[in-house]
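Asks: Quick one: structure below, then a few questions.
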Amino acid sequence: MLDFTKMHGLGNDFVVFDGRNQNPGLTAATCQTVADRRHGIGCDQILTILPPRHCGEAYIQIHNPDGSEAEACGNGSRCVAALLMDQTGRETVTIETIAGSLVCKRRNDGQITVDMGSPRFDWRDIPLARSSDTLHVPLRDAPADDCCCVNLGNPHAVFLVDDIDAVPLPEIGPVLERHPMFPERANIEFATVLTPDRIRMRVWERAAGITRACGSGACAVLVAAIRRGRADRTATIVLDGGELVVEWTQTDRVLMTGPASTSFFGKLDLDTLPN
């Protein structure tokens with residue numbers, strides 16, 4: 001039996017295993033079943049807390065619903081940070097990921113700020129299939145064009161549009177995610193700048209589909225809007241599941257602040273899961 005915690009950040013939900021004292025032994029097939037909302041627990045991503053590899057409190061392994069491994073997860077990092085803070089009594093923890101170390105701090109109101117690091121803009125860092133100005137990336141034969149690309153631990157393509165409600169995201173999201181310009185696929189965000197300090201966005205997450213919130217995606221949206229001259233350095237990002245506050249500091253760090261919630265605890269018998 002495996003202990004797990006079901007958590008979410010603005011409805012972006014996770015199954016969290018603590019691999020420091022148990023071995024989840026997750027295969028791609030197991031991840032797919034655990035993430036299935038009918039046959040398993042149901043989640044947008046699976047997070048496994050592992051012993052630190054360097055100087056952090058823990059390392060997190062992130063699996064998508066299809067079993068593939070993701071580099072970063074902003075909302076998931078807040079959730080894991082909340083668990084670690086409750087366990088250690090600390091108000092600041094460092095989480096290690098494939099994409100680097102994330103420093104997380106709990107504010108007086110209980111919300112958690114994650115330092116997502118510095119955004120990267122070189123076409124090879126996204127990565128893109130060929131050289132391109134990442135401020136205006138053309139997508140040939142695509143249902144949407146002229147995206148702004150940024151890597152914030154994982155690849156993002158941001159489309160700034162006048163009316164986000166007119167975007168048929170369920171139809172075009174999977175097409176854009178797998179566009180040939182993105183050899184490692186990409187997270188797809190559509191955003192409407194309401195005011196310089198308030199932006200509405202929707203997201204199609206790579207390997208997960210539409211989710212109610214995406215922390216790294218919210219960061220990518222603010223960075224893209226600033227690069228296009230449309231937003232202030234700090235803005236409230238309005239997602240389907242709620243609001244995040246994102247700041248791109250003068251020292252080139254992207255700070256994301258939002259809640260982390262625990263839904264329930266449970267035990268999972270892998271032998272009972274359908275194959």
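The values are calculated or read from the model by the stated rules, or taken from the named source; none is laboratory data. Since the structure is predicted, the reported quantities are computational estimates derived from the model, not experimental observations. Counting neighbours? That spans all protein chains shown, and the Cβs are built from the backbone with ideal geometry, glycine included. Just the protein is used for accessible areas: all its heavy atoms, side chains included, with ligands, DNA and RNA removed. Shrake-Rupley method; radii C 1.70, N 1.55, O 1.52, S 1.80 Å.
Asks: Restricting attention to region 244-258, does a residue exist that is over 18 Å from the mean Cα position of the chain (by Cα), in a loop (DSSP other than H, G, I, E, B) and surrounded by 24 or more Cβ atoms within 10 Å (Cβ to Cβ)?
Replies: Checked against the condition, which is being over 18 Å from the mean Cα position of the chain (by Cα), in a loop (DSSP other than H, G, I, E, B) and surrounded by 24 or more Cβ atoms within 10 Å (Cβ to Cβ), region 244-258 yields no hits at all.
Asks: For region 103-137, enumerate the residues that are in a loop (DSSP other than H, G, I, E, B), among the hydroxyl-bearing types (S, T, Y) and in contact (Cβ under 8 Å) with a residue 24 or more places away in the chain.
Replies: To start, the set of residues in region 103-137 that are in a loop (DSSP other than H, G, I, E, B) comprises 107-111, 116-119, 121-136.
Narrowing further to those that are among the hydroxyl-bearing types (S, T, Y): 118, 131-132, 134.
Answer for region 103-137, where residues must be in a loop (DSSP other than H, G, I, E, B), among the hydroxyl-bearing types (S, T, Y) and in contact (Cβ under 8 Å) with a residue 24 or more places away in the chain: S118, S132.
Asks: Among the residues of region 199-245, which ones are within 16 Å of S77 (Cβ to Cβ) and among the charged types (D, E, K, R)?
Replies: E205
Results for (1) touching a residue at least 40 places away in the same chain (Cβ under 8 Å); (2) open to solvent by less than 30 Å² (accessible area, probe 1.4 Å); (3) on the phi > 0 side of the Ramachandran plot; (4) part of a loop (DSSP other than H, G, I, E, B), shown as yes or no for each residue.
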position	(1), (2), (3), (4)
G42	no, yes, yes, yes
C55	yes, no, no, yes
L84	no, yes, no, no
E96	yes, yes, no, no
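Asks: Pull up region 262-275, narrow it to residues that are assigned to a strand (DSSP E or B) and in contact with a helix residue (DSSP H, G or I) (Cβ under 8 Å, 6 or more places away or on another chain), then point me to the one that is least open to solvent (accessible area, probe 1.4 Å).
Replies: Across region 262-275, the extreme among qualifying residues is L268.
Asks: Can you tell me which residue among A220, A235, A231 is within 20 Å of the chain's Cα centre (by Cα), more than 26 Å from V15 (Cα to Cα) and in contact (Cβ under 8 Å) with a residue 24 or more places away in the chain?
Replies: A235
Asks: Tell me which of these I237 doesn't satisfy, since it passes every other one: (1) open to solvent by 30 Å² or more (accessible area, probe 1.4 Å); (2) over 22 Å from D122 (Cβ atoms); (3) among the β-branched types (V, I, T).
Replies: Result: I237 passes all but (1).
Asks: If you go through region 16-33 one residue at a time, do you hit one that is in a strand (DSSP E or B) and in contact with an Asp or Glu (Cβ under 8 Å, 6 or more places away or on another chain)?
Replies: yes
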